[in-house]
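*Asks:* Please read through the structure below; I'll follow up with questions.
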Ligand SMILES: NC(=O)c1ccc[n+]([C@@H]2O[C@H](COP(=O)([O-])OP(=O)(O)OC[C@H]3O[C@@H](n4cnc5c(N)ncnc54)[C@H](O)[C@@H]3O)[C@@H](O)[C@H]2O)c1
């Protein structure tokens, strides 16, 4: 039977533009879907670079203005892979035009903006998803399954960190291509919205909602030259952020992120301790899940190092033979596969815009607490009307 085309319009051809394009190109090779992904158009502002990108990834056409892309009637899905300050405007316009919307994280610059995005998406009734891709590393999905099966029992502790070291040099400029993450106007915040947002999304998925937080942030380099204006300007982002949290299920948590941890490039780790069992995961070893079960017979009890690559592990049977591991890029392929399966089954894949808003509410509370030096309540997202 001929597959139904699902015509993609991608905006942004940077790091995520490549990760998404790779996922779109791969998904039909490995997942049985009723839809065929069609790379219809890619949009960015530099026409020469855009043509080169479109040629490399086999996009059928290009647009240099995202409004024109959204206005086209041969596009089904708008995929937003641009810096954070453009997510809301593009997503709201795309929803109004009746397009399905895939949006990079964080959803908005803050919760207030993300609320407007949720309202627009739900008013339009269009399929939507936020690219919190770490949920779909098979080892993280397996962690979710183990928790859902009740293997950990009551959960006491959640511990997460995301460490990098690429902004230590005080001469690094802020703003503009490649460096927009250092410019608060474009990024919204520093590591809180960029890196901790990932840790928070995973945590909310694995361990439920967060009620209160108390945080500290620091900006180690106070002024940097702006790449676009050439002027020395105050740095408005948080270079480091750490917070304590209480989950609604009674468990306690610590979260930490920085771009000043010399020697670490992308050390995202989490550990969860329950009454019966614990699990731990490390992005640098992303195909493994550490699992300790206290109910094992004493003489063989210990941390098990699960190589998540077997046929009964999430997503793995779609790929190679057991024992051959998957990596970073596969999490994006899995996300596209689940999104399309959601369209086909009528059971939409998560995280959707409401889940993205939930993370933005936590990052809002973290940034507020860092200013007030007090415990702050986290707004909870109301359930969507059926
Ligand atoms: N899910 C993840 O793991 C992950 C990882 C990295 C980045 N991100 C998110 O993805 C988004 C993009 O980050 P990136 O690292 O790919 O950035 P990037 O700087 O590599 O790429 C951004 C792209 O957006 C384009 N762009 C900017 N403004 C535009 C506009 N008005 N119209 C059209 N194109 C425009 C730029 O030309 C560039 O191609 C951010 O929101 C970021 O937080 C998510």
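*Asks:* On the given criteria, is residue 37 at negative phi, away from the ligand (no atom under 16 Å from the Cβ), under 22 Å from the mean Cα position of the chain (by Cα) and not assigned by TED's automatic domain parsing to the domain that holds residue 319?
*Replies:* yes
*Asks:* Can you tell me which residue among 67, 112 is part of a helix (DSSP H, G or I), within 12 Å of the ligand (Cβ to nearest atom) and in contact with a helix residue (DSSP H, G or I) (Cβ under 9 Å, 6 or more places away or on another chain)?
*Replies:* 67
*Asks:* Then there is this: So, of the residues in segment 207-243 that are touching a helix residue (DSSP H, G or I) at 6+ places or on another chain (Cβ under 6 Å) and over 14 Å from residue 258 (Cβ atoms), which turns out to be surrounded by the most Cβ atoms within 10 Å (Cβ to Cβ)?
*Replies:* 210
*Asks:* Looking for whichever is more than 16 Å from the ligand (Cβ to nearest atom) and closer than 22 Å to residue 286 by Cα here; the options are 254, 212. Which one fits?
*Replies:* Result: 254 is the single residue among 254, 212 that is more than 16 Å from the ligand (Cβ to nearest atom) and closer than 22 Å to residue 286 by Cα.
*Asks:* Moving on. For segment 317-336, which residues satisfy the criterion of being in a helix (DSSP H, G or I) and within 16 Å of the ligand (Cβ to nearest atom)?
*Replies:* Across segment 317-336, the qualifying residues are 328, 329, 330, 331, 332, 333, 334, 335, 336.
Yes/no per residue for (1) modelled with pLDDT under 95; (2) within 17 Å of the chain's Cα centre (by Cα); (3) over 30 Å from residue 217 (Cβ atoms):
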position: 280; (1), (2), (3): no, no, no
position: 283; (1), (2), (3): no, yes, no
position: 288; (1), (2), (3): no, no, yes
position: 294; (1), (2), (3): no, no, yes
position: 318; (1), (2), (3): no, no, yes
position: 345; (1), (2), (3): no, no, yes
position: 349; (1), (2), (3): no, yes, yes
position: 383; (1), (2), (3): yes, no, yes
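*Asks:* Looking only at segment 212-236, count every residue that is without any contact (Cβ under 8 Å) to a residue 60 or more places away in the chain and at negative phi and tell me the total.
*Replies:* The total comes to 17.
*Asks:* Another question about this same structure. Among (1) more than 26 Å from residue 194 (Cβ to Cβ); (2) outside any loop (DSSP other than H, G, I, E, B); (3) not assigned by TED's automatic domain parsing to the domain that holds residue 310, which single condition is residue 145 missing?
*Replies:* Checking residue 145 against (1) more than 26 Å from residue 194 (Cβ to Cβ); (2) outside any loop (DSSP other than H, G, I, E, B); (3) not assigned by TED's automatic domain parsing to the domain that holds residue 310, the one that fails is (3).
The values are calculated or read from the model by the stated rules, or taken from the named source; none is laboratory data. The structure displayed is predicted, hence computed values, not measured ones. Backbone-built Cβ (ideal geometry, glycine too); neighbour counts: all protein chains shown.
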